[in-house]
Amino acid sequence: MYLPNIITVSRLFLAPFIIWLIVSENLTGAFIVFLIAGLTDALDGFIARRFDMLTELGAYLDPIADKALLVSTFVTLGYFNYLPAWLAITVVSRDVLIIGAVMLSWLMGRALEVKPLWISKLNTVLQITVAILVLAEHGLNLGQHMHIYVVAAIWITGATTISSAVLYLVVWLRFMATYDINGRKKTALDEPH
């Protein structure tokens, strides 16, 4: 296994540790470990590209590790009222929608190649930023100085999460429309004139 994949797997193991720290009300520790997890995300990608260690396994592991980290952190922060519940629900619902659509496509024999949209990449950065800001606000006792930034980041992240879900749904519906009722790929001859 290549070093970038090992780093990615380590991020998977950091997710439950962050949850435990939040549940234990050690938000300073959660902030530090989340920063480390964020650094591993940048590091594994840099090493993989720089030293030509890109692998198919890494292409699957990286988004899984990102989702495990972000979804578990958002759910835990939402449950303990550090984040608004609506944002945690929106983040989780978006991911369930995307995973459900991909699985349905595969079950129907219509393998969909999922490529991240630009808004999805932006949304991931914003979700990481929100988690860091919230953990810093509570873990480093910066509430009065950071609250306005946290609120703004929450609303912007909510908007990009919803926008990303809608765009993925549109892409998926367009893809599914390329098949006829019998599951055959439509051709140009099948199109109405």
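The values are calculated or read from the model by the stated rules, or taken from the named source; none is laboratory data. Computed from a predicted structure; not experimentally measured. In this analysis, Cβ positions are derived from the backbone assuming ideal geometry, glycine residues included, and neighbour counts consider all displayed protein chains. For accessibility, only protein heavy atoms count, side chains too; no ligands or nucleic acids. Shrake-Rupley method; radii C 1.70, N 1.55, O 1.52, S 1.80 Å.
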Lone qualifier among Phe80, Phe74, Phe13 - being of a type outside the set (Val, Ile, Thr), open to solvent by 50 Å² or more (accessible area, probe 1.4 Å) and within 18 Å of the chain's Cα centre (by Cα): Phe13
Consider Phe31 against the criteria (1) touching a His at 6+ places or on another chain (Cβ under 9 Å); (2) open to solvent by 60 Å² or more (accessible area, probe 1.4 Å); (3) not aliphatic (A, V, I, L, M): it satisfies all of them except one. Which criterion is unmet? (2)
Selection status of Ile98, in contact (Cβ under 8 Å) with a residue 12 or more places away in the chain, more than 26 Å from Leu27 (Cβ to Cβ), assigned to a helix (DSSP H, G or I) and out of contact with any Phe, Trp or Tyr (no Cβ under 8 Å at 6 or more places or on another chain): no
Could you pull out the residue among Leu173, Leu135 that is open to solvent by 70 Å² or more (accessible area, probe 1.4 Å) and assigned to a helix (DSSP H, G or I)? Leu173
Kindly establish whether Leu117 is open to solvent by 20 Å² or more (accessible area, probe 1.4 Å), touching a residue at least 60 places away in the same chain (Cβ under 8 Å) and within 27 Å of Leu35 (Cβ to Cβ). no
When (1) under 23 Å from Val102 (Cβ atoms); (2) of a type outside the set (A, V, I, L, M); (3) touching a helix residue (DSSP H, G or I) at 6+ places or on another chain (Cβ under 7 Å) are applied to Thr129, the one that fails is (1)
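Evaluate region 46-56: report whether one residue or more is assigned to a helix (DSSP H, G or I), farther than 26 Å from Val166 by Cα and open to solvent by less than 30 Å² (accessible area, probe 1.4 Å). Step through it out loud before you land on a result.
Initial filter on region 46-56 (assigned to a helix (DSSP H, G or I)): 46-50, 56.
Among the residues that remain, those that are also farther than 26 Å from Val166 by Cα are: 46-50, 56.
Still in the running and open to solvent by less than 30 Å² (accessible area, probe 1.4 Å): 47-48.
For region 46-56, residues assigned to a helix (DSSP H, G or I), farther than 26 Å from Val166 by Cα and open to solvent by less than 30 Å² (accessible area, probe 1.4 Å): present.
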Would you point out the residue of region 176-193, among those that are outside any loop (DSSP other than H, G, I, E, B) and modelled with pLDDT under 90, that is least open to solvent (accessible area, probe 1.4 Å)? Tyr179
What is the residue count in region 1-10 for residues that are among the polar types (S, T, N, Q) and surrounded by fewer than 16 Cβ atoms within 10 Å (Cβ to Cβ)? 1
Which of the residues spanning region 62-71 are touching a Leu at 6+ places or on another chain (Cβ under 8 Å) and either modelled with pLDDT under 90 or open to solvent by 20 Å² or more (accessible area, probe 1.4 Å) (or both)? Ile64, Ala68
